[in-house]
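Participant: The structure follows.
The values are calculated or read from the model by the stated rules, or taken from the named source; none is laboratory data. From a predicted model like this one, the values you see are computed outputs, not experimental measurements. FYI the Cβ positions are ideal-geometry reconstructions off the backbone, even for glycines, and counts take in every protein chain you see.
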Amino acid sequence: MNTTENYHVKDLSLVEQGKSNIQLAEERMGALIGIRDRFTLEKPFRDLRIGMALHVTKETAVLAQTLTAGGAEVAITSCNPLSTQDDVAAALAKEKVRVWAYKGETAIDYRTFIANVADTKPHIVIDDGCDLIDHLHTKRQELLVDVIGGCEETTTGVNRLRAMQGEGVLRIPVIAVNDNNTKHLLDNYYGTGQSTLDGILRATNILLAGKTVVVAGYGSCGKGVAMRADGMGAQVIVTEMDAFRALQATYDGYKILPMHEAASIGDVFITVTGNRHVVRLDHMRRMKNGVVLANSGHFDVEIDVEGLRREASQHYQVRPQLDAYVLDGRKIYLCGEGRLVNLAVAEGHPSEVMATSFCGQALAVEYLVKNRGKLVPGVHVLPKEIDDLIARLQLHAMGVTIDAPTSEQQKYKTEWREGT
Ligand code: ADE
C-alpha cells in the first residue's frame, strides 16, 4: 500500500496505466468533457470542497477531473469494497484529488475511508448507495451545517434517502440523479444489462446460448440484463414481487416464476432487486449441480452468501472472483463474492453510458450551488430541461442530429381546441 495523509492506494507504480485508462474513458465521454470545458472557464465550484463516495473507476476519475476543473477540491473513496480500479486510484492520487481506495478493502478500511472523506468537511457530497450521507447524519452531524447538498447516484441510495426523509431525519437537500431519464433509463438499462453479463462471463467464461438465466427483479436493471441475456441466446425467466413489472416481463416475452420454482430450472441466477435474501438457502438446495450465482444489485445482501458459507460442506476459490461451494453434494459457483458483479469482476458500465450519468452528477452539483440556501432538506429531482440538455449533449457528442418541431407543430402540441 502507498499512504500519505492525502491518499491510501494500492500501488503508485500503476499511475501510467491509470492515466491511459482515464484517457480512454475521456475519449468516450464527450458530453461530460463539454461540461468540463465550460467549468474550466466559469469555475462554478471555486472555494468549494466536494466529497465523493463513488466506485473509483476510470469514468469516475473523469467526473472528479470535471469538478476540479470547475475549481473544487475533491476527495474520494469508493462505495463498495471490491469496485476500485487500483490503477485509476493511483493516477488520481498523483493529481490534485485526495483518494482513499483500493480493491479488496477490509470492512474497517471501508468505514475509515468514508470517515476520511467526511473529515475533509465537504460542502457537497456525491454518494452512490448513501453510505457517506448516512455517515454524516449518524456520526458527524456537526458537519451538516456547512453542507450545501448532496447527489445520489443509485436506486438503492435514493430508496434509503426517501426512507430518511420519511422519518424526518434527512437534514440536507439531495438530488436523486438516479431519477434522471438520462441516468436510470440508460445506465441501469444498457449499462447494467451489458456490464453484468460482462462480469459473469469474465468470472466463468460460460456459454450463455442455451442456458436458462433467471433474472430476479424487473426494474430498469433487470430489464437490461434480461434483454441482453435473451440476445445472447439464453432462455430468460424473470422473478418479481411487483405485479405491474411481472406483467411487463410477461408481455416482453419472458416466463415469470416464483424463485422457489425457478430455482430448480435455472443455470445462471442474477439478482437485481435492491432487496435482501432474494436467493436463499432453501432456493439453493433446489438448484442443479454447477449453477452460477451473481448479484448486480448495489449491496451484497441479495444472495444469502453467509448461509451458503455456513452450510456448504466445501468451499474453494476456483480463480479470482469465482468461488465454488458444495451444498448437499452439488456445486454452486458464486461470482465476485455476491458483490455487484459488474464492478467486482468487470470494469462497470462502459464509459459511453457513464457519460450521461455523470453529466447528471456534474450538473446536479452546479444546480445545488446555484440554488444554495433555496432548496429544503429532502430528495429533489433535477428540472426536466437539465435532463433534456444531457440527452442533447450526448447526441451532439455522438454526431447525431434530430428534428426540431416546426412552429406549427410547436403550436399543435400546446393546443387543446383542435381535435377530430
Ligand atoms: N457504476 C456502474 N458502472 C460504473 C462505472 N464504470 N463507474 C462508476 N460507477 C459505476
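Participant: Can you name every residue in segment 162-175 that is touching a Leu at 6+ places or on another chain (Cβ under 7 Å) and within 10 Å of HIS137 (Cβ to Cβ)?
Facilitator: Filtering segment 162-175 down to residues touching a Leu at 6+ places or on another chain (Cβ under 7 Å) leaves 164, 170-175.
MET164, LEU170, ARG171, ILE172 - these are the residues of segment 162-175 that are touching a Leu at 6+ places or on another chain (Cβ under 7 Å) and within 10 Å of HIS137 (Cβ to Cβ).
Participant: Considering only helices (runs of 4 or more DSSP H) fully contained in segment 334-420, which possess at least 1 residues that are within 30 Å of LEU48 (Cα to Cα)?
Facilitator: Working: elements: 341-344, 351-370, 384-397, 407-413.
Correct list: 341-344, 351-370, 384-397.
Participant: Moving on. Let me confirm something: among VAL301, VAL318, which residue is out of contact with any helix residue (DSSP H, G or I) (no Cβ under 7 Å at 6 or more places or on another chain) and surrounded by fewer than 14 Cβ atoms within 10 Å (Cβ to Cβ)? Spell out the reasoning first.
Facilitator: Working: VAL301 fails: surrounded by fewer than 14 Cβ atoms within 10 Å (Cβ to Cβ).
Result of the check over VAL301, VAL318: VAL318.
Table: residues versus (1) surrounded by 18 or more Cβ atoms within 10 Å (Cβ to Cβ); (2) away from the ligand (no atom under 16 Å from the Cβ); (3) part of a helix (DSSP H, G or I).
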residue	(1), (2), (3)
GLN165	no, yes, yes
LEU170	yes, yes, no
ASP198	yes, no, yes
VAL213	yes, yes, no
ALA249	yes, yes, yes
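Participant: Separate question: Given (1) within 16 Å of the ligand (Cβ to nearest atom); (2) among the hydrophobic types (A, V, I, L, M, F, W, C); (3) more than 17 Å from PRO81 (Cα to Cα); (4) part of a helix (DSSP H, G or I), identify the lone condition not met by LEU144.
Facilitator: Checking LEU144 against (1) within 16 Å of the ligand (Cβ to nearest atom); (2) among the hydrophobic types (A, V, I, L, M, F, W, C); (3) more than 17 Å from PRO81 (Cα to Cα); (4) part of a helix (DSSP H, G or I), the one that fails is (1).
Participant: Enumerate the pairs (first residue in segment 74-101 and more than 16 Å from the ligand (Cβ to nearest atom); second residue anywhere and acidic (Asp, Glu) and part of a loop (DSSP other than H, G, I, E, B)) with beta-carbon separation below 7 Å, excluding pairs fewer than 6 apart on the same chain, so at least 6 apart or on different chains.
Facilitator: So the pair list comes out as ALA90/ASP11.
Conditions tested, residue by residue: (1) within 23 Å of SER195 (Cα to Cα); (2) modelled with pLDDT of 95 or more; (3) touching a Pro at 6+ places or on another chain (Cβ under 7 Å); (4) away from the ligand (no atom under 16 Å from the Cβ).
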{"residue": "GLU352", "(1), (2), (3), (4)": "yes, yes, no, no"}
{"residue": "PHE358", "(1), (2), (3), (4)": "yes, yes, no, no"}
{"residue": "VAL379", "(1), (2), (3), (4)": "no, yes, no, yes"}
{"residue": "GLY399", "(1), (2), (3), (4)": "no, yes, no, yes"}
{"residue": "GLU408", "(1), (2), (3), (4)": "no, no, no, yes"}
{"residue": "GLU415", "(1), (2), (3), (4)": "no, no, no, yes"}
{"residue": "THR420", "(1), (2), (3), (4)": "no, no, no, yes"}
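Participant: Against the definition (more than 27 Å from LYS139 (Cβ to Cβ) and assigned to a helix (DSSP H, G or I)), how does ALA89 come out, yes or no?
Facilitator: Numbers: more than 27 Å from LYS139 (Cβ to Cβ): no; assigned to a helix (DSSP H, G or I): yes.
So ALA89 does not fit the description; no.
Participant: Does segment 245-274 hold any residues that are more than 19 Å from ASP300 (Cα to Cα) and under 24 Å from the mean Cα position of the chain (by Cα), and which are they? Reasoning before the result, please.
Facilitator: Going residue by residue through segment 245-274, those that are more than 19 Å from ASP300 (Cα to Cα) are 245-258, 260-267.
Selection gives ARG245, ALA246, GLN248, ALA249.
Participant: When the residues of segment 326-350 are narrowed to those that are among the aliphatic types (A, V, I, L, M) and closer than 12 Å to ALA203 by Cβ, which ends up nearest to the ligand (Cβ to nearest atom)?
Facilitator: Across segment 326-350, the extreme among qualifying residues is ALA346.
Participant: Looking only at segment 166-211, count how many residues are small (Gly, Ala, Ser) and touching a residue at least 60 places away in the same chain (Cβ under 8 Å).
Facilitator: Looking only at segment 166-211, we keep the residues that are small (Gly, Ala, Ser), and these are 166, 168, 176, 191, 193, 195, 199, 203, 209-210.
Still in the list and also touching a residue at least 60 places away in the same chain (Cβ under 8 Å): 176, 191, 195, 199, 203.
The qualifying residues number 5.
Participant: Just checking: which of the strands (runs of 3 or more DSSP E) contained wholly in segment 1-77 hold 1 or more residues that are surrounded by fewer than 20 Cβ atoms within 10 Å (Cβ to Cβ) and not polar (S, T, N, Q)? Spell out the reasoning first.
Facilitator: On the way: elements: 7-9, 49-53, 73-77.
Hits in segment 1-77: 49-53, 73-77.
Participant: Shifting gears a bit: List pairs: first in segment 330-351 and free of Cβ contacts under 8 Å to residues at least 24 places away in the same chain and hydrophobic (A, V, I, L, M, F, W, C), second away from the ligand (no atom under 16 Å from the Cβ) and in a helix (DSSP H, G or I), Cβ under 7 Å, 6+ apart or cross-chain?
Facilitator: none
Participant: If a residue must be closer than 22 Å to ASP179 by Cβ and assigned to a strand (DSSP E or B), how many such residues does segment 215-247 contain?
Facilitator: Residues flagged as closer than 22 Å to ASP179 by Cβ and assigned to a strand (DSSP E or B) within segment 215-247 amount to 0.
Participant: Kindly check whether there is at least one residue in segment 113-120 that is polar (S, T, N, Q), more than 14 Å from the ligand (Cβ to nearest atom) and at negative phi. Show your work before the answer.
Facilitator: Of segment 113-120, the ones polar (S, T, N, Q) are 116, 120.
Within this subset, residues satisfying the condition of being more than 14 Å from the ligand (Cβ to nearest atom) are 116, 120.
So of that shortlist, the ones also at negative phi come out as 116, 120.
Within segment 113-120 (the criterion being polar (S, T, N, Q), more than 14 Å from the ligand (Cβ to nearest atom) and at negative phi), the answer is yes, since at least one residue qualifies.
Participant: Tally time: how many residues in segment 100-139 are of a type in the set (Val, Ile, Thr), outside any helix (DSSP H, G or I) and under 10 Å from GLY51 (Cα atoms)? Quick ask: steps written out before the conclusion?
Facilitator: Going through segment 100-139, the residues of a type in the set (Val, Ile, Thr) turn out to be 106, 108, 112, 114, 117, 120, 124-126, 133, 138.
Those still in the list that are outside any helix (DSSP H, G or I) too: 106, 120, 124-126.
Narrowing further to those that are under 10 Å from GLY51 (Cα atoms): 120, 124-126.
Qualifying residue count for the region: 4.
Participant: What are the residues in segment 387-420 that are loosely packed, with under 10 Cβ neighbours inside 10 Å and either among the polar types (S, T, N, Q) or within 40 Å of the chain's Cα centre (by Cα) (or both), if any? Talk me through it step by step, then tell me what you get.
Facilitator: We begin by selecting, within segment 387-420, every residue loosely packed, with under 10 Cβ neighbours inside 10 Å; these are 399-404, 406-408, 413-420.
Scanning segment 387-420 gives GLY399, VAL400, THR401, ILE402, ASP403, ALA404, THR406, SER407, LYS413, THR414, THR420.
Participant: Does ALA115 satisfy the condition of being in contact with a Gly (Cβ under 7 Å, 6 or more places away or on another chain) and under 19 Å from THR3 (Cβ atoms)?
Facilitator: Working: in contact with a Gly (Cβ under 7 Å, 6 or more places away or on another chain): no; under 19 Å from THR3 (Cβ atoms): yes.
For ALA115, the condition - in contact with a Gly (Cβ under 7 Å, 6 or more places away or on another chain) and under 19 Å from THR3 (Cβ atoms) - is not met.
Participant: Next up: Quickly run through segment 275-320 and pick out the residues that are farther than 22 Å from ALA346 by Cβ, in a loop (DSSP other than H, G, I, E, B) and under 25 Å from the mean Cα position of the chain (by Cα).
Facilitator: Answer for segment 275-320, where residues must be farther than 22 Å from ALA346 by Cβ, in a loop (DSSP other than H, G, I, E, B) and under 25 Å from the mean Cα position of the chain (by Cα): ASN275, ARG276, HIS277, ARG280, ASP304.
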